[in-house]
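Structure record follows, encoded as structure tokens.
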There are 2 protein chains.
Amino acid sequence: MALIVQKYGGTSVGGLNRIRRVAQKVKTLAEAGNQVVVVLSAMAGETDRLLRLAQEVHPDPDERELDVLLATGEQQSVALFCIASHAVGLDAHSLLGFQAGLLTNHRYGKARIELVDALRVHELLDQGKVVVVAGFQGVDEDTGDLTTLGRGGSDTTAVAMAAALKADVCEIYTDVEGVFTTDPNIVPEARKLERISYEEMLEMASLGAKVLDIRSVEFAAKFGVRIHVRSTFTDREGTMVVPEEQIKEQLIISGVAYNKNEARITIKGVPDQPGVARKVFTPISNAGIVVDVIIQNTSVDGTTDLTFTVPKTDYKKAMGLLSTVCSEIGAKEVLGDPNIAKVSIIGIGMRNHAGVASKMFGALADEGINIQTINTSEIKVSCVIDEKYTELAVRALHKAFGLAEGLEPAAEDI
Amino acid sequence: MALIVQKYGGTSVGGLNRIRRVAQKVKTLAEAGNQVVVVLSAMAGETDRLLRLAQEVHPDPDERELDVLLATGEQQSVALFCIASHAVGLDAHSLLGFQAGLLTNHRYGKARIELVDALRVHELLDQGKVVVVAGFQGVDEDTGDLTTLGRGGSDTTAVAMAAALKADVCEIYTDVEGVFTTDPNIVPEARKLERISYEEMLEMASLGAKVLDIRSVEFAAKFGVRIHVRSTFTDREGTMVVPEEQIKEQLIISGVAYNKNEARITIKGVPDQPGVARKVFTPISNAGIVVDVIIQNTSVDGTTDLTFTVPKTDYKKAMGLLSTVCSEIGAKEVLGDPNIAKVSIIGIGMRNHAGVASKMFGALADEGINIQTINTSEIKVSCVIDEKYTELAVRALHKAFGLAEGLEPAAEDI
């Protein structure tokens, strides 16, 4: 007997028939003698619908009230799921965020879970019930206000519940079969990974492989929650996201990620003085623009070039702000290019292997792809290239590192 | 400065434009220096939509989960209303049932309010905010489960809040202009009453004049809450529902009510023995059929006739049950008529006036309408007649008692 937390996303509960199917699936698991906690998202499209309603009455809706509104999506899911469960003979019991003890801070719209008081959930499990928790929502422990965790928040709800309950596994059901070595739409030979470490998953997630919400992976890493990413629509095993020490395979690279949603900006001839970077990034940050990669090279003749990327949607706004900043700091000029992409290779194996980066650069060079910028972390190398070469680059890297073949990981403790 | 509780029904908040209009209306009141608590229903049609969804997944949905589902209707209303309020510059703050301290028992779907802990509402009012409370919902004080109060429950929420806050008045906004002497669709001269007593309102409500939920009137009577029933769509005064001693007018009859939703059943030749009535009504009640009027006359030759009414929708079921009962108790036969109507005259004035009933019988006789049964309470006389004469009877009674003219009530303390 195991204690299993399962999270089903909006597509998995998008419609009454799908809800029925998931209820049947949970029933099978419960009847096999497992204790099951189910975390649900809102039905597909519902959160967007509510958001549109709010924006129709106010262009910038109050965040507290918006959370009250958006929380109804998950509330409807859990109630309908439990009603459907009873129809198939499953004893399911819904809990809203405040009832499940999901206590958060008061940052409406992007609240952080501070504490999970799982007493009630434990009681219900002990009574033999399947507990169905509304994802995405919590309650401010000071005021009793409803809060929401932001997009993808139901993943975090599931992982937090799994941590609090010391669950054996947290299964995240989605519309893909797991985490792949790269996007199968670009590389048909992309291989589903049997296991991936938290660190790699974080890099994959933040680089645009949108399988898991990044905060849920951080949470899982912190509390050692084993995540199983898998498909609602098949029974095949998906990908386990686990601590690094549980990964025994010797692959250097686990995956190739790409991100086409950013634009590159370069300020040329920046005076190499203390405080200049602050002058550049303060107005950008005040405008709510999130800067990703920042690269500054050693200065030559007292000036340097500063390159960074911003979301494509913020590109024009950023360029406008920087034309002022440029003259203020006495820089030479601001150049920008919205038509770029970032391709990255990710793998904990590269820590102990020299030559990974140069192999990457060689593979790109062989295809005639120019590298605009390079930056690296301990388990990742990213290059900014011309956007039009994205697919070509991803295919070349996938091949160069032999990801389609892979080694079968030594499954030690599944 | 007054403390005013206002309740707006589903039609009043049915659509974003209407929500905006109500927000503007509340703003005017608040800017005049009043403290305002607004209680909202779900947007028109939403509760029915959710109910249909639930019934699609289970013919008889679990009551606890159904309440979780239905409560989202009011939750969406209050959030959208507050967002719209901010757009017109009104500082509104939503509270769900559990946040507003609406503590109920655990009878899902028809919970009774046990206690209103209005501390939070008071705090927010003191901060100069308009407090917007989700109607229809509460929280079980023992388990923390969401509960709903049943159809029309938002009226009760408003009256309970008004009682707890010792509000100056509880305004119930609806799509009619107040309480009329009778249905204006039948009698165009029907007059809007300026005042009506709780007792009369209870009789009117239970007899089919669906302006106010009957439980809200009982609540108001118990705690002396002054209710003002009025239209969302005009600024005209509606009808005050107040304690009897605040009514100074000398009219004998306040209104004529009718109810076409019942069917009459008569058991003839019932042996006049102890326990017979119980044998008749126990199977009826076990089948969930609500019996309204019961009339039994003095027995002749050791048998009597027993007449009662049931909802038209339960008529066939009741007749089926009674054919068995009839032979068990040795009664002669069961006769039934689904094509009947009940017409009633209501008025606290009739307590001190003889001849009211005979005037009623005379008015019906003058129109050639046969009276099938008669029953009376202290402030009401009801007759069952052939359904096809309903409108004729209502018009005749309205005229006979001079209701169109009326006396102007002596307004003592409006």
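The values are calculated or read from the model by the stated rules, or taken from the named source; none is laboratory data. Keep in mind that what you see is a predicted model, and the values were worked out from it rather than measured. Counting neighbours? That spans all protein chains shown, and the Cβs are built from the backbone with ideal geometry, glycine included.
For B:Ile83, the conditions (1) free of Cβ contacts under 8 Å to residues at least 24 places away in the same chain; (2) more than 11 Å from every other protein chain (Cβ to nearest Cβ); (3) buried (at least 23 other Cβ atoms within 10 Å of the Cβ) all hold with the exception of (2).
The residues in region B:228-268 that are under 30 Å from B:Asp305 (Cβ atoms) and either acidic (Asp, Glu) or in a strand (DSSP E or B) (or both) can be counted, and the count is 11.
Of all residues in region A:327-337, those satisfying the criterion of being surrounded by 15 or more Cβ atoms within 10 Å (Cβ to Cβ) and of a type outside the set (Asp, Glu) are A:Ile329, A:Ala331, A:Val334, A:Gly336. Is it the case that region A:99-107 has a residue that's facing chain B (nearest Cβ under 10 Å) and either out of contact with any Pro (no Cβ under 8 Å at 6 or more places or on another chain) or buried (at least 23 other Cβ atoms within 10 Å of the Cβ) (or both)? The answer is yes, given that some residue of region A:99-107 is facing chain B (nearest Cβ under 10 Å) and either out of contact with any Pro (no Cβ under 8 Å at 6 or more places or on another chain) or buried (at least 23 other Cβ atoms within 10 Å of the Cβ) (or both). Within region A:333-347, the only residue that satisfies the criterion of being of a type in the set (Gly, Ala, Ser), within 17 Å of A:Met201 (Cα to Cα) and not in a loop (DSSP other than H, G, I, E, B) is A:Ser344.
The helices (runs of 4 or more DSSP H) found entirely in region A:10-109 that carry 2 or more residues being farther than 30 Å from B:Gly89 by Cβ are A:16-31, A:63-87. Scanning region B:1-24 for residues that are away from every other protein chain (no Cβ under 13 Å) and modelled with pLDDT of 95 or more, we see that the one that is surrounded by the fewest Cβ atoms within 10 Å (Cβ to Cβ) is B:Ala2.
This table checks each residue for (1) crowded, with 21+ Cβ neighbours inside 10 Å; (2) assigned by TED's automatic domain parsing to the domain that holds B:Cys383; (3) not hydrophobic (A, V, I, L, M, F, W, C).
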site: B:Asp183; (1), (2), (3): no, no, yes
site: B:Glu189; (1), (2), (3): no, no, yes
site: B:Ile196; (1), (2), (3): yes, no, no
site: B:Met201; (1), (2), (3): yes, no, no
site: B:Met204; (1), (2), (3): yes, no, no
site: B:Leu212; (1), (2), (3): yes, no, no
site: B:Ser216; (1), (2), (3): yes, no, yes
site: B:Lys222; (1), (2), (3): no, no, yes
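Looking at A:Gln246, A:Gln273, just one residue is surrounded by fewer than 22 Cβ atoms within 10 Å (Cβ to Cβ), at pLDDT below 90, more than 21 Å from A:Glu200 (Cβ to Cβ) and not aromatic (Phe, Trp, Tyr), and that residue is A:Gln273.
Give me the residue from region B:118-132 that is of a type outside the set (D, E, K, R) and not in a loop (DSSP other than H, G, I, E, B) and, out of that set, nearest to B:His86 (Cα to Cα). Filtering region B:118-132 for residues that are of a type outside the set (D, E, K, R) and not in a loop (DSSP other than H, G, I, E, B), the one nearest to B:His86 (Cα to Cα) comes out as B:Val130. Output yes when any residue across region A:351-358 is in contact with a strand residue (DSSP E or B) (Cβ under 8 Å, 6 or more places away or on another chain) and of a type in the set (D, E, K, R), and no when none is. No. The residues in region A:113-122 that are surrounded by fewer than 18 Cβ atoms within 10 Å (Cβ to Cβ) and either more than 13 Å from chain B (Cβ to nearest Cβ) or not hydrophobic (A, V, I, L, M, F, W, C) (or both) can be counted, and the count is 5.
For region B:133-163, taking the residues that are in contact (Cβ under 8 Å) with a residue 60 or more places away in the chain, in a helix (DSSP H, G or I) and of a type in the set (A, V, I, L, M), the one that is nearest to B:Asp117 (Cα to Cα) is identified as B:Met161. Look at (1) among the charged types (D, E, K, R); (2) closer than 18 Å to A:Thr182 by Cβ; (3) at pLDDT 95 or above and you find that A:Asp386 fails only one, number (2).
Could you list, in sequence order, the residues of region A:18-46 that are touching a residue at least 60 places away in the same chain (Cβ under 8 Å) and farther than 26 Å from A:Gly128 by Cβ? Selection gives A:Ala42 alone.
Considering B:Ile385, B:Ile379, B:Ile374, the condition of being out of contact with any Leu (no Cβ under 8 Å at 6 or more places or on another chain) and crowded, with 18+ Cβ neighbours inside 10 Å is satisfied by B:Ile379 alone.
Residues in region A:86-95 that are surrounded by 24 or more Cβ atoms within 10 Å (Cβ to Cβ) and within 7 Å of chain B (Cβ to nearest Cβ): A:Ser94 only.
Being of a type in the set (D, E, K, R) and touching a Lys or Arg at 6+ places or on another chain (Cβ under 9 Å) is a property that B:Asp168 has.
Could you check how many residues of region B:25-43 are of a type outside the set (Lys, Arg), crowded, with 18+ Cβ neighbours inside 10 Å and over 26 Å from the mean Cα position of the chain (by Cα)? Going through region B:25-43 one residue at a time, the tally reaches 3. In this structure, B:Phe233 does satisfy being modelled with pLDDT under 95, within 30 Å of B:Arg21 (Cβ to Cβ) and aromatic (Phe, Trp, Tyr). Here A:Val36 clears all of (1) of a type in the set (A, V, I, L, M); (2) over 23 Å from B:Ala71 (Cα atoms); (3) within 13 Å of another protein chain (Cβ to nearest Cβ) except the condition numbered (3). Scanning region B:350-371 for residues that are of a type in the set (Gly, Ala, Ser) and surrounded by 18 or more Cβ atoms within 10 Å (Cβ to Cβ) yields a single hit, B:Ala363.
Selection of region B:348-369 for residues being over 14 Å from B:Arg395 (Cβ atoms) and either assigned to a loop (DSSP other than H, G, I, E, B) or touching a Cys at 6+ places or on another chain (Cβ under 7 Å) (or both) yields B:His353, B:Ala354, B:Gly355.
Residue count for region B:370-382 satisfying the condition of being assigned to a loop (DSSP other than H, G, I, E, B) and at pLDDT below 90: 1.
Residue count for region A:49-80 under the criterion of being more than 9 Å from chain B (Cβ to nearest Cβ) and among the basic types (Lys, Arg): the result is 2. The set of residues in region A:123-161 being surrounded by fewer than 24 Cβ atoms within 10 Å (Cβ to Cβ), at pLDDT 95 or above and more than 14 Å from every other protein chain (Cβ to nearest Cβ) consists of A:Leu125, A:Asp126, A:Gly128. As a summary of the residue check, A:Lys359 satisfies the conditions (1) under 24 Å from A:Lys388 (Cα atoms); (2) touching a Lys or Arg at 6+ places or on another chain (Cβ under 7 Å); (3) not hydrophobic (A, V, I, L, M, F, W, C) except for the one numbered (2).
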